[in-house]
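Below is one structure, written out as structure tokens; comments come after it.
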Amino acid sequence: WPFTLVFSAEYLLRLWLSNKPLRYATSFFGIVDLISCLPQFLAIVFAPAQGFAVIRLLRLLRMFRVLKMVNHLQGARVILHGLAQARAKITVFFFTVLIFSVLAGTLLYFIEGSQPGTSFTSIPMSIYYAIVSITTVGFGDITPQTDLGRFLTMVLILSGYAVIAVPTGIVAADLSRAEIAATPRPSPQSRPPPSTRISCSACTETEHLAHSQYCHRCGHPLSAPE
């Protein structure tokens, strides 16, 4: 009820403050706001019909408004841009892992498929086991019986760490580049004055700011410009 009252008050306020209330009420987000608070009142009117309580799940549609707000956040744009830059690399890596899983699953089928009471009844089932092992999920519904199958399973599990690390590094690098590209550069007025050729007699450093009195490398007093 508190959520319903808050949603209802917000909906009424939007209708009151909107320059075109009817246009808002018939818009997509207006309908979403109405559906967010309507189920509770319908449950009062149709009390015997308990099934109306199910439509309260339609309140999840308000997530569309949250997703709309994301478009106004600079951080979200940087993340989306970084993910877009990493799209090709992640796609190649995904298909590489998929091919590796198919090969490993096929090999496991030939190793374990002939064992009595084996769970490796088909190549697709073996590929499923390989993917579960590579992702280090480990459901335990399928287990190898031979030593060679167990050894191959250990290889798949250890390979799973690379499966996690590689895409994480790819996405992190592209996100870092996207953040650097989105960082505003200083205007010419805010840039420091140009360097002059004032040499330091102690370390021979020559690039210093025009107002520098001491060397930025060793701290020695600067001599007169060349």
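Measuring from label point to label point, each 7 Å out along Cα→Cβ, what is the Asp147 to Thr26 span in nm?
7.8 nm
What is the list of residues in the range 101-144 whose amide nitrogen lies under 14 Å from a point 7 angstrom out from the Cα of Val155, following Cα to Cβ?
Counting backbone N atoms under 14 Å from the label point, the list is 101-112, 130, 134.
Multiplying the sequence separation of His211 and Ala181 by 0.36 nm and subtracting their Cα-Cα distance, what value in nm do you get?
Full-extension gain reported as 7.7 nm.
What is the calculated FRET efficiency for Ala165 to Val45, with r their C-beta to C-beta distance and R₀ = 45 Å, to the nearest 0.05?
Working from the Cβ atoms, E equals 0.20.
Determine the gain in length on full extension of the stretch Lys89-Leu34; use 0.36 nm per residue of separation and subtract their C-alpha separation, reporting nm with one decimal.
Result: 15.5 nm gained on full extension.
Every number in this text was worked out from the coordinates using simple rules, so none of it is lab data. These numbers were taken from a predicted model, which means no experiment stands behind them. Glycine gets a Cβ as well: all are built from the backbone with ideal geometry, and neighbour counts include every protein chain shown.
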